[in-house]
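What follows is calculated from the coordinates using simple rules that are stated; it is not laboratory data. Predicted, not measured: the structure shown is a model, and the values here were computed from it. When we count neighbours, we look across all protein chains shown, and the Cβ atoms used for this are built from the backbone with ideal geometry, even at glycine.
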Amino acid sequence: MATNKDASHFARRSFIKDGGLMIAGGAIGTSISAPDTAAAKTPNTSSTLEPIRIGFYGCGRRAKELADAALGQSQVSAVVTGLADRFGSQTQSMFRMLKGRHASAVAPNCVRASGPECLDELLQSDTQAVYVATPPVDRAQVVRQLIGAGKHVFLEKPLGSDLADVLSMSPLAAQAQRQGLTVFAGLQRRYDQRLVETIGQLHAGLIGEPVFAKAYCNGGPLRKRSNQASESDEDYRLKNWNHFLAAGGDFLVEQHVAGLDVVHWALGRTPIAAQGQGGWSESRTEQQVAQTEVFDHQTVEFDFGDVTLLSQCRRVSKGWNAVGESIHCTEGTLDLAAGKAYRRNGDLIWESHVQSTPKANTEAQQIAFLNSIAEGDARIEIEQAAQSTLIALLGQQATLSKRRIRMDKMLEQAIAAMTA
């Protein structure tokens, strides 16, 4: 639990306040060069009769899922005008997928770019909105370029693999807002109507006040691609990005952030501190050490002051697989993923009857994203996503250091490093 010293220090120099990311003294805003508003292009806010021109930067599995959701819904028309990926095979694979599933939604002159500078072709195209589904490295630089070119942005989770990238997003979001651009983050569970109902019951006090929470993201192992003789170290790391801290953060940051975001939403605030541990389920050879830097299991205790969150994430074979969140309150327990509330004696007292699937939630978010552009009603979802990514990074630092890390100290040190 938080000590009085922790609480007073956190209150005195808080970077997280009232659900918003507070940048102390404008330090980050002045250290990040924002795009020139006058030079940026005016976003196209055409009517819903004209298809929204969308492009994808990063053409892997997640990009294909987002494309299916954006093009599969019937409320807002969209057409793909650009594809870009460092690896040409990925660009071509996605183009073939789109021609097979959504042929009428692929523009005749659709850009197909590859190589390290492939983003440039999307920036110079007439694409209105760009989906960023690359590994979460250098995300702030990518978003800065897109906003500078007047593009709406859909940024897949997490917002970044390190603190500098995440903290850089706040001034970029403000710049996008001034330019009338929509910027969404890929935390689609916020669009899960069953979760909306369930968290609404929590906030209405159905089972009293929260005292404890759990968030689990336990699944099977990650596969690694083999290193090709002609492949550079950089290409190998980017193809296996979720095995390297600099390229992907770690499993807690790049995947479990979705579950942490749900708890963040439910509790309505960020933690004061975290402590935890991580490791590998098996002893590793020198070659295996070189192939992956990230733990395959992590357990973190997040201290919210009057609520403790127990977080688990694991990627091992033959383990107990469980993904979900629950809030334990003074008068019962709320199973957020299942949409059910129980009294302390185990009796079911409330249940949501709304159907929920990841595909439906992703599609609902895409409808909101495209509608925002079509109607010229710019929306920014960066702040909440930045806070949730910071929670994940707090947990990561706790497991790597084996120490109790305070949120305010972590941010204070990050800001000092960025402005040094």
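Taking the average, over residues, of other Cβ atoms within 10 Å as the packing measure, peptides 361-371, 129-139 rank 129-139, 361-371 from highest down. Averaging 1/r over every pair of different alpha carbons in the stretch 237-356 and inverting the result gives a Kirkwood radius of 16.5 Å.
Remark: the E412-D377 segment gains 9.1 nm on full extension, using 0.36 nm per residue and subtracting the alpha carbon distance. Computed from the alpha carbon atoms alone, the convex hull of the stretch 54-202 holds 130 Å³ per residue. A cut-off under 11 angstrom between Cβ atoms defines the neighbours of G60, and their net charge, with Lys, Arg +1 and Asp, Glu -1, is +2.
Taking 7 Å steps out from each Cα toward its Cβ at S77 and R404 produces label points 6.0 nm apart. Based on alpha-carbon centroids, what's the gap between the stretch 400-420 and the stretch 88-113 in Å, whole number please? Each part reduced to its Cα centre gives a spacing of 43 Å. Across the alpha-carbon set of the stretch 370-420, the Rg to Rh ratio works out to 1.22, Rh being the Kirkwood radius. When the pairs K157/K340; K151/K409; K99/K318 are compared against a 32 Å limit on Cα-Cα distance, K151/K409; K99/K318 fall above it. Per residue of the chain, the DSSP helices (runs of n ≥ 4 H) give a summed -39500 (n - 2.57) that works out to -11500 deg cm²/dmol at 222 nm.
Rounded to the nearest 0.05, what FRET efficiency is calculated for F212 and D126 with R0 set to 56 Å and r the Cβ-Cβ distance? Walk me through the numbers on the way to the answer.
Working: r = 52 Å, r/R0 = 0.92.
Plugging the Cβ-Cβ distance into 1/(1 + (r/R0)^6) gives 0.60.
For the chain, the longest principal axis of the Cα atoms and the long axis of helix 358-374 meet at an angle of about 60 degrees.
Ordering of 185-194, 316-325 by packing is 185-194, 316-325, highest average first (other Cβ atoms within 10 Å, averaged per residue). Here the 3J(HN,Hα) profile of the stretch 314-326, calculated from phi with Karplus coefficients 6.51, -1.76 and 1.60 at θ = phi - 60°, is 8, 10, 9, 7, 6, x, 7, 8, 7, 10, x, 9, 9 Hz, Gly and Pro shown as x. For A78, the residues 5 or more places off, or on other chains, whose built amide H falls under 5 Å of its own are I52.
Multiplying the residue separation of E293 and W280 by 0.36 nm and subtracting their alpha-carbon distance yields 3.7 nm.
Taking the stretch 353-392 and a reference point 7 angstrom along Cα→Cβ of Q177, the backbone N atoms nearer than 16 Å belong to 377-387.
Residue separation of T419 and E117 scaled by 0.36 nm, minus their Cα-Cα distance, works out to 105.9 nm of gained length.
Considering only Cα atoms, the convex hull volume of the chain works out to 158 Å³ per residue.
Express as a percent, rounded to the nearest 5, the fraction of DSSP beta bridges in the chain (both residues included) that run antiparallel. Please list the in-between numbers first.
Details: 37 of 68 bridges.
The antiparallel proportion sits near 55 percent.
With pairing defined as another cysteine C-beta under 4.7 Å, the cysteines of the chain that fail it are C59, C110, C118, C329.
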